[in-house]
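Enquirer: First the structure, then my questions, so here it is.
Every read-out reported here was derived from the displayed coordinates using simple, explicitly stated rules and does not represent laboratory data. Model, not experiment: these values are computed from the prediction.
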Amino acid sequence: VAHLLLRILERVVLDELEPMNNTSSASHLPVASPTAVDDVRKVIVVQPLVSQVLYDLILDSLLYQPMNSRDIPPLGLSQAGHKRLTMGASTTHSDWATEMAGTSRLREFKLSLLTLIAPTRRWSIFMENKETGISQTIALLVAATGDKHVDVADRATSYLKAYWDSLRGGDKKEEKKDSELGAFSDRSKAIAIVLTLQSLVLGDTSAESA
């Protein structure tokens with residue numbers, strides 16, 4: 001189910017980027033409607049557990065890198081998360097890990113994920129959740145800035161910069177307390193961002209103690 005969801009979301013992005021040639025890079029992915037992403041966003045808002053599961057899945061995907069041994073996860077990726085990804089099915093190869101072994105395929109996949117989560121792009125799938133959406137989005141983008149693929153790292157960095165610039169560029173007189181900017185400036189949301197970033201480095205239990 002996890003891999004099917006990732007492939008559907010990727011297909012939506014690729015279909016929009018290549019409306020005149022859908023059968024090229026997206027031919028190996030299941031048919032999907034753009035409303036699929038909107039449905040995911042709605043579920044994330046009302047189901048915190050779904051939001052966390054999807055966040056964990058996308059984080060694992062962004063941290064994934066092919067390794068010489070399939071038994072050794074890349075830096076930052078848990079053993080369980082690594083196993084869940086590599087054992088996934090593939091329509092073009094023997095398994096998900098083999099499909100993503102190629103540099104261009106993995107880069108394409110990660111760029112699609114960044115397009116889905118970027119706060120300044122159309123979908124920004126986590127941002128509808130005012131409680132954790134901002135911290136989850138920032139944490140995912142920060143994780144992707146360290147990717148060994150230059151295109152992925154640069155794209156994540158540009159999305160982060162665009163988001164910070166959007167916060168500085170608004171008219172403060174027109175800000176509302178319940179706006180996205182208001183939510184971000186609230187101290188509790190800043191703490192949530194710090195906690196989420198700490199979780200990437202220390203793990204959930206250690207981050208909460210810190």
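Enquirer: Short version: ³J(HN,Hα) in whole Hz for each residue of segment 100-115, in order, from phi by Karplus 6.51 cos²θ - 1.76 cosθ + 1.60 (θ = phi - 60°), x for Gly and Pro, what are they?
Expert: 8, 5, x, 4, 5, 5, 5, 5, 4, 4, 5, 4, 5, 4, 5, 4
Enquirer: Expected output is a single nm value to one decimal: the length gained when fully extending between Val45 and Met67, i.e. 0.36 nm times separation in residues minus the C-alpha distance. What is it?
Expert: The span from Val45 to Met67 would gain 4.4 nm if fully extended.
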